[in-house]
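Q: Before I ask anything, here is the structure I am working with.
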Amino acid sequence: LTAGHGRDSAVLALGGGVTGDLAGFVAATFLRGLPLVQLPTTLLAMIDSSVGGKTGVDTPAGKNLVGSFHQPRLVLADLDTLSTLPAKELRSGMAEAIKHGAIADADYFAVIERDAQVLLRLDREKMCRLIERSVQIKAAVVEADEREGGLRKTLNFGHTIGHAIEAHSRFQLLHGESIAIGMVVEAEVGEQMGITQKGTAKQLRMLLQRIGLPFRVPSTFSLDAIMDLTRVDKKARGGRVEYALLEQVGKCSVGAGSYGTPVPDEVAQEALARAL
Ligand SMILES: NC(=O)c1ccc[n+]([C@@H]2O[C@H](COP(=O)([O-])OP(=O)(O)OC[C@H]3O[C@@H](n4cnc5c(N)ncnc54)[C@H](O)[C@@H]3O)[C@@H](O)[C@H]2O)c1
Ligand SMILES: [Zn+2]
């Protein structure tokens, strides 16, 4: 505002998901909306956060409680930027790719299983295909349901528990690390409720281990605090916490019809305890 930018300006978000979410939120609200270009430089931002138009900022009360939908005019991902990305951040991004496979494409999940090591070494062609497939999956979901009335909820697989874990760690755990643990816990929840095929949590654990992502809740974490944080999550409706659950790897559960399944606290707490 002090620089005198007007409606003839545009916002370019060059960086990871945090930059994209913040710059996107500024673009969504500055003078009630400026054009936005996403220039993602982390794997996570390339395959997930730069696509789909969700923008927002984190607050101590929880993740993504303040935000807006604002679609970018353009997303430009330059794979060369990944060469300077710390390995831990690269692995964090892989968690969202695993999520895309888990919710929508068992073959893609299998490709990640097969190529895990090569991908972590940044094989250019394989990484390019991974980004392409993840963006296809996410874009197709968002095109079908931009405002999260139904299908888009499937992208929240691993995120009800994952966001709570991320906030509980005071953002010391990376987003991808948190949702890696979240996916395992939520697969356990689904298995316990008879919705998710038995063995799915194990399949996820094995792939996460191969990538070098965490799959256990750190023993110092308070399960009660995590449960409390799931309740402030925006997906909690009328006191009930909704989860996006899998039927099996590659297929989401439609739940009660809109891809969200209310989960009793005892079931979630037990699944968390089992993931310690
Ligand atoms: N809007 C959405 O739809 C959506 C989806 C998924 C995740 N997110 C959000 O995205 C955030 C995570 O994004 P992230 O994983 O990109 O984290 P990040 O933006 O914090 O970036 C990770 C780190 O890497 C650095 N970095 C970025 N690019 C680099 C490069 N090319 N080389 C070296 N260092 C580089 C950053 O400075 C930062 O320290 C979370 O807050 C999450 O909630 C949003
Ligand atoms: Zn995510």
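Q: I'd like to know if region 24-34 contains one or more residues that are of a type in the set (Gly, Ala, Ser), within 18 Å of the chain's Cα centre (by Cα) and at pLDDT 95 or above.
A: There is at least one residue in region 24-34 that is of a type in the set (Gly, Ala, Ser), within 18 Å of the chain's Cα centre (by Cα) and at pLDDT 95 or above.
Q: Let me ask something additional. Can you tell which of Val189, Val135 is within 24 Å of Thr41 (Cα to Cα) and touching a helix residue (DSSP H, G or I) at 6+ places or on another chain (Cβ under 8 Å)?
A: Residue meeting the stated conditions: Val135.
Q: Same structure, new question: Can you list residue pairs whose Cβ atoms sit under 7 Å apart, with the first residue in region 167-184 being farther than 12 Å from Lys63 by Cβ and the second being open to solvent by 20 Å² or more (accessible area, probe 1.4 Å) and more than 13 Å from ligand 1 (Cβ to nearest atom)? Count only pairs 6 or more apart in sequence or on different chains.
A: Glu177/Pro214; Ala180/Pro214; Ala180/Phe215; Ile181/Pro214; Ile181/Phe215; Ile181/Arg216; Val184/Arg205; Val184/Phe215
Q: Looking at Ala139, is it in a helix (DSSP H, G or I), modelled with pLDDT of 95 or more, more than 11 Å from ligand 1 (Cβ to nearest atom) and closer than 23 Å to Phe25 by Cα?
A: yes
Q: Restricting to region 2-42, what's the tally of residues that are open to solvent by less than 60 Å² (accessible area, probe 1.4 Å) and within 13 Å of ligand 1 (Cβ to nearest atom)?
A: Number satisfying all stated conditions: 18.
Q: Which of (1) more than 16 Å from ligand 2 (Cβ to nearest atom); (2) over 16 Å from Tyr108 (Cα atoms) does Arg129 not meet, given it meets every other one?
A: Condition not satisfied by Arg129: (2).
Q: To continue, here is another question. Looking at region 60-72 only, could you name the residues that are outside any loop (DSSP other than H, G, I, E, B) and open to solvent by less than 40 Å² (accessible area, probe 1.4 Å)?
A: Gly62, Lys63, Ser68
Q: I'd like to know if region 43-51 contains one or more residues that are within 16 Å of ligand 2 (Cβ to nearest atom), assigned to a strand (DSSP E or B) and either open to solvent by 30 Å² or more (accessible area, probe 1.4 Å) or within 25 Å of Ser169 (Cα to Cα) (or both).
A: So far as region 43-51 goes, no, none of its residues is within 16 Å of ligand 2 (Cβ to nearest atom), assigned to a strand (DSSP E or B) and either open to solvent by 30 Å² or more (accessible area, probe 1.4 Å) or within 25 Å of Ser169 (Cα to Cα) (or both).
The values are calculated or read from the model by the stated rules, or taken from the named source; none is laboratory data. Quick caveat, the model's predicted, so the values are computed rather than measured. Don't worry about glycine lacking a Cβ; one is built from the backbone with ideal geometry, like all the others, and counts go over all protein chains shown. In case anyone asks, the SASA skips ligands and DNA or RNA and just uses the protein heavy atoms, side chains included. Shrake-Rupley method; radii C 1.70, N 1.55, O 1.52, S 1.80 Å.
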